[in-house]
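Everything on this sheet refers to the single structure shown next.
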Amino acid sequence: MADPICPETGTPMKRGVAPMTISYKDQSATFEMPGWYCDKCSESIHTGEDLKVSDQMLNRLKAQQKRQRPVQPATTAGPTPSSR
Ligand SMILES: [Zn+2]
């Protein structure tokens with residue numbers, strides 16, 4: 001398979017890892033995300049295999065969230081549109 005070309009700058013992209021932070025509710029995790037990265041800009045391409053890594057991290061966060069069973073106070077960020 002040929003190396004992908006950056007859609008932004010036309011630069012051949014390289015395999016590598018970069019720190020990525022994902023968040024789920026009030027949890028967040030930073031991990032090394034594999035993928036194709038561009039030298040010239042911040043563009044990145046992730047294959048299905050790469051996305052499995054972030055999927056796994058997200059699942060881990062969700063599991064942590066479940067284990068903690070936080071009591072959610074009824075704080076609403078804004079008014080809920082309930083009028084019809
Ligand atoms: Zn680029």
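No lab work stands behind these numbers, since they all come straight from the coordinates. Keep in mind it's a predicted model, so treat the numbers as computed, not measured. FYI the Cβ positions are ideal-geometry reconstructions off the backbone, even for glycines, and counts take in every protein chain you see.
Couple of notes before you dig in:
- Cβ-defined net charge surrounding SER42, 14 Å radius [Lys, Arg +1; Asp, Glu -1]: -1
- Within straight-line cross-link reach of LYS62, lysines at Cα separation under 21 Å, skipping those fewer than 8 residues along the same chain: LYS25, LYS52
- Top positive-direction residue, dipole computed over segment 14-66 with Cβ charges, set GLN64, PHE31, ILE45: GLN64
- Per-residue extension of 0.36 nm, minus the Cα-Cα distance of ALA18 and CYS41, leaves a gain of 7.0 nm for this segment.
- Inter-label distance for ALA63 and GLU49, nm, one decimal - labels placed 7 Å from Cα along Cα-to-Cβ: 2.3
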